[in-house]
Amino acid sequence: MPSRRTRRGRRGVAIVDDHVGDADLEALHGAGVRGVRFNFVRHLGDPPDLAVFRGVVDRIRHLGGHLVLHLDAADIVPLRALMVALPVPFVVDHMGRIESMLLEIARRETCWVKVCGSERISPPPHRAAVPFARALVAACASHVLWGTDFPHPNLDHVVDEADLVDLVGVFAPDPADRRRLLVDNPARLYGF
């Protein structure tokens, strides 16, 4: 069994449905969950019911939680009004699946962007993601996060984590930006 110290230091993001109650959300928060993820990507199923979405947003707000939005690039413009009106911080996952750049939204104080998903943009060595990730780091260095998306579901090629780690220095060549991306920003967002 992990020590109390280890459990307290963990942070996570949960996927919830319309049956989640206030007590459930409080229990998740107590276990280290700081965000709730909603999937808008069509090939993975129907988008969330917006009434449920808004209800969860209202309920996580008092816990200091944030949202993770998984969406297709084509949805950035139609969902723009929803995103900019959110009363909680939100993370756009996988660089917004790229084809459109979400730089205008990314500059908002409440928007965070996860510069991950390079393996979804191009096959190894995933270099097609570099200009997008660099632009996002340059536009909002204090609100970018990095991750590998392990175990890389729904892909038709094998991903070597080392290839993704090697991209971090290319995405953020400045050591201060790299530290923000990997250490400082996640610590602020997740409350470490």
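Quick grid of which residues meet (1) of a type outside the set (D, E, K, R); (2) under 14 Å from the mean Cα position of the chain (by Cα); (3) under 28 Å from ARG179 (Cα atoms):
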{"position": "GLY9", "(1), (2), (3)": "yes, no, yes"}
{"position": "HIS19", "(1), (2), (3)": "yes, no, no"}
{"position": "VAL36", "(1), (2), (3)": "yes, yes, yes"}
{"position": "ASP58", "(1), (2), (3)": "no, no, no"}
{"position": "HIS62", "(1), (2), (3)": "yes, no, no"}
{"position": "ASP75", "(1), (2), (3)": "no, no, no"}
{"position": "PRO89", "(1), (2), (3)": "yes, yes, yes"}
{"position": "VAL113", "(1), (2), (3)": "yes, yes, yes"}
Any chance VAL36 is modelled with pLDDT of 95 or more, in contact with a strand residue (DSSP E or B) (Cβ under 6 Å, 6 or more places away or on another chain) and not basic (Lys, Arg) = yes
With (1) at pLDDT 90 or above; (2) closer than 26 Å to PHE132 by Cα; (3) not in a helix (DSSP H, G or I) as the list, and MET101 as the residue in question, which single condition is left unmet?
-> (1)
Taking region 61-73 only, how many residues are in contact (Cβ under 8 Å) with a residue 12 or more places away in the chain and over 18 Å from LYS114 (Cβ atoms)?
-> 3
Among (1) buried (at least 16 other Cβ atoms within 10 Å of the Cβ); (2) out of contact with any Asp or Glu (no Cβ under 6 Å at 6 or more places or on another chain) - the single one ARG80 does not satisfy = (1)
Exactly one of LEU63, LEU69 is touching a helix residue (DSSP H, G or I) at 6+ places or on another chain (Cβ under 7 Å) and assigned to a strand (DSSP E or B), and that one is LEU69
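Across region 147-192, which residue is surrounded by the most Cβ atoms within 10 Å (Cβ to Cβ) among those that are part of a loop (DSSP other than H, G, I, E, B), at pLDDT 95 or above and not acidic (Asp, Glu)? Don't jump to the end; show me each part of the working.
Applying the first criterion (part of a loop (DSSP other than H, G, I, E, B)) to region 147-192 yields 147-160, 172-174, 191-192.
Imposing the further condition that a residue be at pLDDT 95 or above reduces the set to 172-174.
Okay, now just the ones that are also not acidic (Asp, Glu), so 172-173.
Numbers: ALA172: 24, PRO173: 11.
Of everything passing the filter in region 147-192, ALA172 is surrounded by the most Cβ atoms within 10 Å (Cβ to Cβ).
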Where residues in region 44-53 are loosely packed, with under 14 Cβ neighbours inside 10 Å and either over 20 Å from ARG120 (Cβ atoms) or free of Cβ contacts under 8 Å to residues at least 60 places away in the same chain (or both), which of them is farthest from the chain's Cα centre (by Cα)?
-> ALA51
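The values are calculated or read from the model by the stated rules, or taken from the named source; none is laboratory data. Here the structure is a predicted model, which is why all the values come from computation and not from measurement. Cβ coordinates were reconstructed from backbone atoms using ideal geometry, including for glycine residues, and neighbour counts include every protein chain displayed.
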